[in-house]
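Structure, as structure tokens:
The values are calculated or read from the model by the stated rules, or taken from the named source; none is laboratory data. Bear in mind the structure is a predicted one, so any value in this text is a computation, not a measurement. Positions of Cβ are backbone-derived with ideal geometry, glycine not excepted, and every protein chain shown enters the neighbour counts. Protein only, heavy atoms only, side chains kept; ligands, DNA and RNA dropped before computing areas. Shrake-Rupley method; radii C 1.70, N 1.55, O 1.52, S 1.80 Å.
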Amino acid sequence: MTAVPTTASTSVDGRSLALLEFPIVRARLAAATGFPPGRQLAEALQPSTDPVIVARGLEETTQTRAFVAAHPGSGIGGSKDIGPWIDRAARGGRLDPAHFLDIADTIEAAARLGDALSGDRRPLLRDLAREIHSLPSLRSVLQRSFDPTGELLDTASPRLGGLRRAVRVAYERLRGRLDQFVHSGELAGSLQEPIVTLRGGRYVIPIRADARSRVKGIVHDASGRGQTLFVEPLVAVELGNAWREAQLAEQAEIERILDELSMLVAGQAAPLRETLDALARFDFWAAKARLAEEMDGIAAEIADRPVIVMLGARHPGLSGRVVPIDLRLGGEYTALVVTGPNTGGKTVALRTLGLLSLMHQSGLHIPADAGTKLPVLRDVFADIGYEQSVAQSLSTFSGHLRSIVRIVEGAGPNCLVLLDELGAGTDPTEGSALAQALLDHFIKSGALVAATTHYAELKLYAHTTPQARNASVEFDVETLRPTYKLTIGLPGQSQAFAIAERLGLPAAVVADARSRLTDEQQAFEETLASIKATQLETADALARARDAEERARLALASADDERRRARRERDESTRAARDEAERLVDEVRAEVRGIRRRLERETVTQRSLDEDMDRAKAQLDRLPAQEPEAPRPVLAAPVAWRTGMRARTRNGGEGRIVALEKGGRRATLEAGGLRINVAVEDLEPATGIDPEATSHSRGYGGRAGGQAGSQASGSAARLQLQRARTVASSLDLRGAKVEEALEVLDRYLDDASLAGLDQVLVIHGLGTGALRDAVRDHASGHPLVKSWRPGERGEGGDGATIVTL
């Protein structure tokens, strides 16, 4: 018995699932499982309409994907589908040795997986580990009872070994007596062959039929032609009986042992079923993780309203070079009309939109780029492909219309409707009118709708309807190949005339066809071409601007590197000058000490004293000029802090006040996506700060935070100690990228250690767990960190880490 997938659904349209090829994805998922219970879960997977279940399914895939990447050898290897054997034992049936081997292998595999999962920090996997029972006593009994081939060992019971020895002794006596009888001279001429063979579980010798009277015994069989009789000699009957009795005693003991072991399995039926269920779920989760890796998928963000944002989306059924599409639907417009030439990718765009939505609601990662957001839809309806049926006398139009009737009845708010070639298969005028009416109906019903068409009237409808937008797939007229790029905002062109010319249709025929278009139609197509050309020029200009921006960014970065290099060289020159000055001062002091000693001995003349003073003065003249002392900071008057004001901490961090706490005594600063909580007495207004000093100050709230170079080692130490006295006891990293957060964490731990803090609180939030895992891994190897632990209730739980320095 296995668990139902966590993404079970109740109402997603079954016909649309098939049209959007969801069963194909489900089959790929089932093929990625490792044993039948996991495969059953994959084959039963359905999209869910419950946001909580969808979020749980996505988190299962995300956490298992990270676990499999970190532990590539972990899995359910060796597990078997022991559900039928557990049920048989629970009903009082006897299990075979092969069944016990399957149970032993499964318990062994479960124990290995449970050990790996129990040490993992991911909550869903830790919870799953608690449902895996290693059952050491049952495992020990089975290992002691069977060898790897399923044969019962002599150690399976106290009596079995002795009974088997009795069987061997009886057998050896029987064979010895028969071999002696066969090779004795008294049977000369009576034997067909001098061998001992087995018939009906009794050992016999082959006697010629015409010599039957010469051998006393029991006939057990005869050859096909009756020329040979297989006789058990009377001299071996008793020995044969003894051997058979020993075999029966052994078999009875084996059956007793199997019954006893079966009862032992029955007594552990509940934990065995729970373990098998946990193994099946992990196998199912691991299959989702493997499929996500195979598709290079991501966990789409769950939108809290019916708005679809697909970036770099790729249909999972396509192979080779796949052109990704960007698609947005919902919000300002809820209807999308996709136009363009045949084979241009219109239908693929619809299928991609529908299939990825279904995969998302099944807890699967989807082949798209980061930033993709999908809602949890109430239902997905699709009318894609031909619906002809000769048996039911249905034309293409009638088949589509029957499907659309079903969709109209079921579609409503928070539904997605996908319609391919809307209004096709009938008179164009009536078909386009019907298509516009259907689009109006779906817009008013609150559904999201995407439709493909060739009708020019629908292009105009999408252009003039506020809740609708045009979209198009591009086509390269020169190569007669589609580019499969989807562009939202412009209708597509059928390119029928251009394709006809490229394929060799006489120019006169094409020109005649063009002339038959109305003035309005020709003006519309010319306007489309003009807009397309303008769009290409705009895109090219935008690309050039981005290229120039990138070059400017690189130049700015290079200038920044050069400025830092110049500062390093200046600091090195200052240190060298300081060292030289100290050396010169030492020499002057030595000269003075020498003069003093000579004065004490009264050996100094006026001339030698003048020479000594000249040398000392020359040495002092070589000292570097003293840099002017920096002005001492003036203490600022108390400030009435308010949210929204910009402030900087005494250690250089600058940001905007987003919250005041504890009666205005503490403030939370936000900058660059990071937050830090400090006492207001440690804040000063950010107005009037030297930009150069700010850009190189050290802080926790911005990307440009770097340590300003001190002019002397003594002053650097004093500045460092001054910063350390103002270090907060907590650091908020929520919203930061991993690389930025780790850089800020390093600086924070340095200052916290200098400040003498024993313990600090690092807030990273829950999210996907990537930032939490990075912080804890970094803390594990940090030289200033003694230990760390997850936060407890009241400390932020698993969204925070308590670090002991």
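Of the chymotrypsin sites (Phe, Trp or Tyr not before Pro) found in the stretch 106-196, not one falls in a DSSP loop while having at most 12 other beta-carbon atoms within 10 Å. As a fraction of the 1.4 Å probe accessible area of the stretch 1-150, surface on carbon and sulfur atoms comes out at 54 percent. Modelled spin-label separation between Arg244 and Glu792, with each label point placed 7 Å from Cα along the Cα-to-Cβ direction: 7.5 nm.
Would you mind pulling out the separation of the Cα centroids of the stretch 392-446 and the stretch 262-312, in Å? Value for the Cα centre distance between the two parts: 37 Å.
At a Förster distance of 56 Å, what's the computed FRET efficiency of Ala545 paired with Arg305, Cβ-Cβ distance as r, to 0.05?
The pair Ala545/Arg305 has a calculated efficiency of 0.95.
Checking the Cα-Cα distances for Lys662/Lys737; Lys373/Lys786; Lys737/Lys786; Lys288/Lys786; Lys288/Lys737 against a 32 Å cut-off, the pairs over it are Lys373/Lys786; Lys288/Lys786. Average accessible surface for the stretch 137-182: 57 Å² per residue, computed with a 1.4 Å probe over protein heavy atoms with every protein chain in place. Relative to the Cα centre, the charge distribution of the stretch 228-334, modelled as +1 at Lys and Arg Cβ and -1 at Asp and Glu Cβ, gives a dipole magnitude of about 840 debye.
Listed peptides 765-774, 783-792, 439-448, 151-160 appear in the order 439-448, 765-774, 151-160, 783-792 once ranked by packing, highest mean of other Cβ atoms within 10 Å at the front. Annotation: extensible slack from Arg256 through Leu517 equals 84.6 nm (criterion: 0.36 nm per residue apart, minus Cα-Cα distance). Largest to smallest in accessible area, the residues Ile24, Ile676 fall in the order Ile24, Ile676 (1.4 Å probe, all protein chains included).
Measuring nothing but protein heavy atoms, the accessible surface of the stretch 154-302 at 1.4 Å probe radius is 51 percent carbon and sulfur.
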